[in-house]
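Peer 1: To start, I am sharing the structure in question, which I have written as structure tokens.
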Amino acid sequence: MISMSTRCVPLLSVLLLLLAFRNGVSFLLPSASSLLTTSSKSRADVTNTLLNYSQQRDVYTMEAWAIENGYQKVDGVELYSEGDDDWSMMTNTDIPAGTTIMFIPSTLVLSSDAIVKEYGSNFDLELTENALKQMERDLAKRLPLFRLLVKILAEYEKGENSFYAPWINSFPTQYYNGVSMTDACFACLPPYAALLSMNERNAYSRFLNAIRKGFLPLNPDVTGDDSVMKFAYNVALTRFHEVFEPTRQKLIAPMADMINHSSDPNAEISFDTENNCYVTAIADIYAGSPLSVSLGDPTDPTPLFAKYGFLPTGCNTIFCKAIHLEPQINELGYEFNQLLFQTDTGEVYPAVWDIFLLKILQDYDADLASQFTMACQNNDEATKETFHSNYFAYTLEALREHVYSILNDVDQMTMEAQSYDLETHPRVPVIVDHNNLVRDTFSMTASLLDSMG
């Protein structure tokens, strides 16, 4: 029988976390009435009141709240921290594969579909979403995330009266992802990482602009506070799981959101049609092991870096960073997770050779480029091999030039990042870690290419 405990991460609660108590002493979130009367305070006053970047996370009160409201877990599964306030879940007992480790009832789960029903009559949600879509067509895909953000903000305004207050108090206030980065941070990243990170920040900016149009009855002292808005957005962005049946929606399940990422996960998170959440063991999990799920493609750590702000361990491959060849990538129908370098050997994946050769052929002879493109699209390996053999020296030189260019840029970027003050640029360590992974891998690739001629 599963015993109680949970991990749900409603986006509404995220902002409430900012008031989390410190050093084990519970704090009181502001009441709804007090928030509504803060208009006399400056934005700086509001930020100082709500966001304390040094406060400790109150995870145990959150767990008690989850248990009280139907969260269940198998015996031996516990919250765990190594002392740096970075919390996760682990097990003190063996868990066989196939076991339901955790259950979070739908009453705790935040659902983007349920938010539409909840606020449809009282909020001008549709009007705000239309304003968002007019800013950028692709943002329509992010509407479920936008709804979670709205829910988090609405719950935040309830202060201590929010059902999700304990959950909000359990969150970190400091994030290291693309949304939280500055232009100075972007300048210290290779093109691919900078692009993905800037995309995240740009999406946040669109959300912010849509909400500040004033169609939603949200407290302007809250929506006008950049730190609070960014915090709420990050909670929504980093805590959701997406489902596609019976409809496409994003959900946050408290307690389940405490499970960290692994390239070799031992558990998975799923939801039934009523939005109840289940965490299931997909492998035997031994006592003393952390619970882990997959938050993204393990072959390419950079999207995880941009979205979540961490560099996953155990990366076997990284993207080749050939953003300048995106037209060729699209023409061949390749995905970024095919365009890789092996992190332990520097080995170059075949698709990388293909895009560099296509660029050379396009610059040299359009007919030859068309023939090579057709061979790639039809998986005609014999024809591809002939092209690669005939133009190997040119492809090798182009690839070598790219690799050494990235190495030079990464060294310069890392030196720049290390010159920053950590007090004002706390994301420097994760940026340097990312750049070191690129440098180490590309150095091996450079040696490998040099050995080829």
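The values are calculated or read from the model by the stated rules, or taken from the named source; none is laboratory data. Computed from a prediction, not measured in an experiment: that's the story for all the values here. Cβ sites come from the backbone with ideal geometry, for glycine too, and all protein chains shown count toward neighbours.
Yes or no, residue by residue, for (1) under 23 Å from Glu335 (Cα atoms); (2) surrounded by fewer than 16 Cβ atoms within 10 Å (Cβ to Cβ); (3) among the charged types (D, E, K, R); (4) free of Cβ contacts under 8 Å to residues at least 60 places away in the same chain:
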{"residue": "Lys384", "(1), (2), (3), (4)": "yes, no, yes, yes"}
{"residue": "Asn408", "(1), (2), (3), (4)": "no, yes, no, yes"}
{"residue": "Gln418", "(1), (2), (3), (4)": "no, yes, no, yes"}
{"residue": "Phe442", "(1), (2), (3), (4)": "yes, no, no, no"}
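Peer 1: Return yes when Asp433 is exposed (fewer than 15 other Cβ atoms within 10 Å of the Cβ) and over 20 Å from Leu311 (Cα atoms) and no when it is not.
Peer 2: In short, no.
Peer 1: Restricting to segment 68-98, name every residue that is crowded, with 17+ Cβ neighbours inside 10 Å and assigned to a loop (DSSP other than H, G, I, E, B).
Peer 2: If the condition is that a residue be crowded, with 17+ Cβ neighbours inside 10 Å and assigned to a loop (DSSP other than H, G, I, E, B), then Asn69, Tyr71, Val74 are the ones that fit.
Peer 1: So which residues in segment 323-337 are buried (at least 19 other Cβ atoms within 10 Å of the Cβ) and either in the same structural domain as Met198 (by TED's automatic domain parsing) or modelled with pLDDT under 95 (or both), if there are any at all?
Peer 2: Once the filter is applied, which keeps residues that are buried (at least 19 other Cβ atoms within 10 Å of the Cβ) and either in the same structural domain as Met198 (by TED's automatic domain parsing) or modelled with pLDDT under 95 (or both), segment 323-337 yields only Phe336.
Peer 1: Hey, another quick one. Test Glu118 against the stated conditions and say whether it is modelled with pLDDT of 85 or more and surrounded by fewer than 18 Cβ atoms within 10 Å (Cβ to Cβ).
Peer 2: When the stated conditions are applied, Glu118 passes them.
Peer 1: Another question, if that's okay. Of the conditions (1) under 25 Å from the mean Cα position of the chain (by Cα); (2) at pLDDT 50 or above; (3) crowded, with 19+ Cβ neighbours inside 10 Å, Trp65 satisfies every one except a single condition; which number is it?
Peer 2: (1)
Peer 1: Which residue out of Asn316, Asn378, Asn276, Asn337 is touching a Ser or Thr at 6+ places or on another chain (Cβ under 8 Å) and over 30 Å from Glu245 (Cβ atoms)?
Peer 2: From the options Asn316, Asn378, Asn276, Asn337, the qualifying one is Asn316.
Table: residues versus (1) within 22 Å of Asn169 (Cβ to Cβ); (2) of a type in the set (Gly, Ala, Ser); (3) at pLDDT below 95; (4) not assigned by TED's automatic domain parsing to the domain that holds Val109.
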{"residue": "Asp221", "(1), (2), (3), (4)": "yes, no, yes, no"}
{"residue": "Ser227", "(1), (2), (3), (4)": "yes, yes, yes, no"}
{"residue": "Phe244", "(1), (2), (3), (4)": "no, no, yes, no"}
{"residue": "Thr247", "(1), (2), (3), (4)": "no, no, yes, no"}
{"residue": "Ser262", "(1), (2), (3), (4)": "no, yes, yes, yes"}
{"residue": "Leu295", "(1), (2), (3), (4)": "no, no, yes, yes"}
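Peer 1: Condition (residue is in a loop (DSSP other than H, G, I, E, B) and more than 27 Å from the chain's Cα centre (by Cα)) applied to segment 352-363: is it met by at least one residue?
Peer 2: no
Peer 1: Taking strands (runs of 3 or more DSSP E) that do not extend beyond segment 270-343, which have at least 1 residues that are more than 20 Å from Met444 (Cα to Cα) and touching a residue at least 12 places away in the same chain (Cβ under 8 Å)?
Peer 2: 277-281
Peer 1: Quick one: in segment 68-87, of everything that is at pLDDT below 95 and hydroxyl-bearing (Ser, Thr, Tyr), which residue is farthest from Asn266 (Cα to Cα)?
Peer 2: The qualifying residue farthest from Asn266 (Cα to Cα) is Ser81.
Peer 1: Among the residues of segment 178-193, are any touching a strand residue (DSSP E or B) at 6+ places or on another chain (Cβ under 7 Å) and not assigned by TED's automatic domain parsing to the domain that holds Arg427?
Peer 2: For segment 178-193, residues touching a strand residue (DSSP E or B) at 6+ places or on another chain (Cβ under 7 Å) and not assigned by TED's automatic domain parsing to the domain that holds Arg427: present.
Peer 1: Consider Phe207 carefully, then state whether it is at pLDDT 95 or above, surrounded by 20 or more Cβ atoms within 10 Å (Cβ to Cβ) and assigned by TED's automatic domain parsing to the domain that holds Asn177.
Peer 2: Answer is no for this residue.
Peer 1: While we're here: For segment 254-301, give me the residue count where each residue is at positive phi and crowded, with 19+ Cβ neighbours inside 10 Å.
Peer 2: Qualifying residue count for the region: 2.
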